[in-house]
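Every number in this text was worked out from the coordinates using simple rules, so none of it is lab data. All of these numbers come straight from a predicted model, not from anything done at the bench. Note that each Cβ is placed from the backbone with ideal geometry, even for glycine, and that neighbours are counted across all protein chains shown.
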Amino acid sequence: MQAQLLRRTLPSLVLGLLFLSTPAMGICLDKYQELFGQLQKQTDIMQCTSLLLDPYIKSQGLDKDGLKEHCRERPGAFPSKDALQRLSKREFLRTLHTMLGSILHRLTALQRDVPKAQDLETLNRAKQNIRGFRNNIHCMARLLPDSSETTEPTPAVPATSPSPTPTSDTFQRRLEGCRFLHGYHRFMHSVGQVFQEWGESPSRRRRHSPHGGLRKGVRRLQLSRRNKRLPPRGQLPR
Amino acid sequence: MLALQTWIVHALFIFFTTESVGELLDPCGYIKPESPVVQLGSNFTAVCVLKEKCMDYFHVNASYIFWKTNHLTVPKEQYTIINRTASSVTFTDTSLLNTQLTCNIRTFGQIDQNVYGIRIISGLPPEKPKNLSCIVNEGKKMMCQWDPGRETYLETNFTLKSEWATEKFADCKTKRDTPTSCTVDYSPVYFVNIEVWVEAENALGKVTSNHINFDPVDKVKPNPPHNLSVSNSEELSSILKLTWINSSIQGFIRLKYNIQYRTRDSSIWSQIPPEDTASTRSSFTVQDLKPFTEYVFRIRCMKEDGKGFWSDWSEEASGITYEDRPSKAPSFWYKIEPSHTHGYRSVQLIWKTLPPFEANGKILDYEVTLTRWKSRLQNYTVNDTKWTVNITNDRYIATLTARNLVGKSDAAVLTIPAYDFQATRPVTDLKAFPKDNMLWVEWTAPNESVNRYVLEWCVLSDKAPCVPDWQQEAGSVHRTYLRGNLAESKCYLITVTPIYADGPGSPESIKAYLKQAPPSKGPTVRTKKVGKNEAVLEWDQLPVDVQNGFIRNYTIFYRTIIGNETAVNVDSSHTEYTLSSLTSDTLYMVRMAAYTDEGGKDGPEFTFTTPKFAQGEIEAIVVPVCLAFLLTTLLGVLFCFNKRDLIKKHIWPNVPDPSKSLIAQWSPHTPPRHNFNSKDQMYSDGNFTDVSVVEIEAANDKKPFPEDLKSLDLFKKEKVSTEGHSSGIGGSSCMSSSRPSISSSDENESAQNTSGTVQYSTVVHSGYRHQVPSVQVFSRSESTQPLLDSEERPEDLQLLDNTDSSVGNFPRQQYFKQNCSQRETSPDSSHSERSKQVSSVSEEEFVRLKQQISDKNNLHSLKISICPSGQETVLPHGLFPFQSIWDSTLKHYIN
């Protein structure tokens, strides 16, 4: 019984610690549907290879015949769609949050191999988009009720970041970067599919984010957040 | 003494100053606060603290302190001495923005020394920024702007702050030239809500605006669609297809559009219904367009849900719809031209080119058909818009169609009436008026059904012929405007002809102006007739080319040189006017102005002078005067005629002709009579002036004695023999009397009756008015004036006595009267001598005569007077024999 209780409360505690570790700043969007829509739009954008992969392939000279075949996602670098679909919303959000952090690090590393300012700008914009996506995940996590999805099993996601094996070979580095970006877009595509399921499946929606419970939770979150944030707001370091 | 003291004080001050230059650099005190910024309207207190060293040096303390603001001493009421070294000053309701405040001391009783100075800056704290809004121009960074609020008079910094829930962005500091807007340094991240606010801060405080939280994608102003192109469709002449390329924002958001279009020659845009373009697309087909018409399009976009901003309009693109068959038959009309061929008419068929919106394409040619009653149809293809054909005097029906690439228009049908056709049924109430810079024509339709109307118009001019333009209107139209290129100030003759099924009706015409103007020239006035007090002015109607409008009235201005101008309005239908009440013999200046609805124009000035007299006035004066004169003359003549005897007696008494007297018969020395007969000769001589009239008056009415009768017979005989020599001087004097004299009468009775007064005169040859006559003449007097008794003149009688003393015994009943007694004293010796000579010669005969007379008992007394100076001598009546005797005797004596 205690083990069961611990199993239920542990994810919530981890997630809570996760979001608590994020410095409290601006106000999250407290409308679930809007936020959910933003997340979906973001995944739609981020899975599009024209924003990141294609420019990279072109800039790195990997758009030659035969080379594209090698620009494939390294297996295991990103969670699969199935793995993501098995996660509860909270676990999914946590996993996504973690993965995006790793991706940001990887993109920062990738910037060193991009000499052109235009490509740098593209990478910066991509990184900014990922940060925004993480912000929305943070906010969505805060909108989710504390008691939901506690029965879901621990997700089978890579424990490590999708960092490549360090190599001094430039071509290999480019290729790894290409594979990473390919995996990134595929991963975001999978995330988009998961979000789509969130919106399409009433049962799942009901199970994962019941409106009544969500609204209650949101209301509760708003109240608690107001209570928590309003007084110290002016004292927060800016 | 005082001057010495002042000099000492100054010297000491300089000494101390020079002694302690280094020490003076170190102020004697200080003011707290050092750099105050004071809010306007608030209280402010400053404290001046003196240093001990200075106090000792100058022997002063805090009571010596006085304050100055901008070099003006602050009243002591505002001072407060805190202690021996410190004094404060307090200002309430600070209003100066920038004030210099100094702390001073008075040393040695009279030298003011500045201790310390500060500058007080006043202002207001910033107001809370309002109306914060942000915009994200696609491809650019986010820019926010706000309303800064009131003026603070202080340097105020605005900072735009932004953050996510998990991340804070760098502050955006405003630039000095744009203190109310700021563009962030980072690229916006769509679909992530961001919180933005503004902080305004100056020396008096910091204030923050309301926070706004938004998704940057909802603040996007997209770039406009580009590469807009237009294409038509051969299948449908009413559509055009637009294609374009959306901006890259389309990858993030859905768009909606505004599509606007207009025809090339229009400036008004039409818009596609927004609901038709409410979703993302890259093409659109515009329908319900006119065939063969060029359209111009433009497009813009924004976020589909309406959040954000519309993009700018795209560049314009144009396209032309495909052709369609002409939608309307051309306007069709005709003109009959004179033909030299007998029995034929030259008809010019004319038509209008279809406007593009009716031609629906390029008109390739026109097809004309001409049909005479029950005859074969004749087809003609014409490329022009007119066609002349000779037709008979019969009735014809002409049709016209326009053809373009796609097809033909409907046929316009025109009936050309027969030569002898009499048009009737005109329109009524035809009106023409300008409105909205167009010339409108309005009429009332006839009672019969009208197929259409033809409006013709031309410019009326004296210089150019009327070349009509025309247009056609549908039968239902009763009001339209002339669609020609009309000019202002031109007179248009507008004719409306109704077209019936059987031919044209009777035309009606009216004149109109698109816009009137004052006449270009004024009328030239002249006088038609000028009278003493009036003048008839006349002028010609202005030529239509200079009228510039309808002449509504004329105004005649006239004045004298010194007088005020008088204006008279005259109706425009008149061409003459009579100015009345003018002053005679006065110069008048007259000019004339013609007025249209828009103003008038003066004509040249004309001058005329009124005459002194009216026409006929002189005649009216002269004629009556002349008539009066004539009448007076006539009356005078008549008077003279009636009173001729009286006048004659006074002016030209008749003198009997002595030559015709019996005495003359008796006298052997009768002077030649021929010298006396001719009046002309007598008058030509004109020198007889002294006339003596001898009047013999019978003493009674007794019959003469036989001797007398005998002598009378002798006298008669002599008279017959000397008929042609008898003198008629009596009849020619004063008046030519027809009174018979003894010399011309044969009848005894008449001799007795009328010869009772036988006049004789002796024309003494002396000059008239003392002029010496050249010839001595005799004249007979016919005067019946009796000789007056000269009782009062005894000298007359004396003369008689002296002359003939032998007859002195005659009774003095009858006598000769001598009117003039001067004869006796006249110094004219020639006459005296001649008289003496006469008496000496015929003395013997005279005695004998005297005896004869004395024999008669009842002889009349006789008196004779000779007046050489022209005096009258009168013989008494009824003494014809004696008279003759006396005549002869006298003549004898005279001779």
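Of A:89/B:307; B:32/B:128; B:290/B:408; A:89/B:161, which ones are farther than 26 Å apart at the Cα? All intermediate terms of the calculation are to be shown ahead of the outcome.
Numbers: A:89/B:307 30 Å; B:32/B:128 31 Å; B:290/B:408 17 Å; A:89/B:161 33 Å.
Long pairs (Cα-Cα over 26 Å): A:89/B:307; B:32/B:128; A:89/B:161.
Residue B:588's amide H: which non-local residues (gap 5+, or another chain) put their own amide H closer than 5 Å, with H modeled 1.01 Å from N in plane and none for Pro or chain starts?
Amide H neighbours of residue B:588: B:608, B:609, B:610.
Where nothing but the Cβ of Lys and Arg (+1) and of Asp and Glu (-1) is charged, how large is the charge dipole of the range B:68-222 around its Cα centre, in debye to the nearest 20?
Value, rounded to 20: 540 debye.
Relative contact order of the range B:222-320: what whole-number percent is it, with Cα pairs under 8 angstrom and at least 6 residues apart?
Contact order relative to length: 37 percent.
Taking Cα centroids, how far is the range B:556-633 from the range B:398-476 in Å?
52 Å
If you take each beta carbon of peptide A:40-51 and count the beta carbons of other chains within 10 angstrom, what is the mean? Don't skip to the answer; put the middle values down first.
Numbers: counts 1, 7, 5, 1, 3, 4, 0, 0, 2, 0, 2, 1.
Average neighbour count from other chains, rounded to a whole number: 2.
Taking the Cβ of each residue in B:288, A:54 as the centre, tally the other Cβ atoms inside 10 Å and list the residues starting with the fewest. Let's see the in-between values first.
Numbers: B:288 6, A:54 15.
The most exposed by this proxy come first: B:288, A:54.
Here is the link list: B:141/B:303; A:41/B:256; B:352/B:490. Which ones come out longer than 20 Å on Cα distance? Write out the running numbers ahead of the final one.
Numbers: B:141/B:303 18 Å; A:41/B:256 18 Å; B:352/B:490 24 Å.
As for pairs spanning more than 20 Å Cα to Cα, those are B:352/B:490.
Which trypsin sites (Lys or Arg not before Pro) in the range B:268-310 sit in a loop by DSSP (not H, G, I, E or B) and have at most 15 other Cβ atoms within 10 Å of their own Cβ?
Working: sites: B:281, B:298, B:300, B:303, B:307; in loops: B:281, B:307.
The qualifying sites are B:307.
Listing B:477, B:625 from the residue with the fewest other Cβ atoms within 10 Å to the one with the most, what is the order? Write down the numbers at each step before the final one.
On the way: B:477 15, B:625 10.
Ascending number of Cβ neighbours within 10 Å: B:625, B:477.
When Lys and Arg each count +1 and Asp and Glu each count -1, what net charge do the other residues less than 10 Å away from residue B:167, Cβ to Cβ, add up to?
Its environment carries a net charge of +2.
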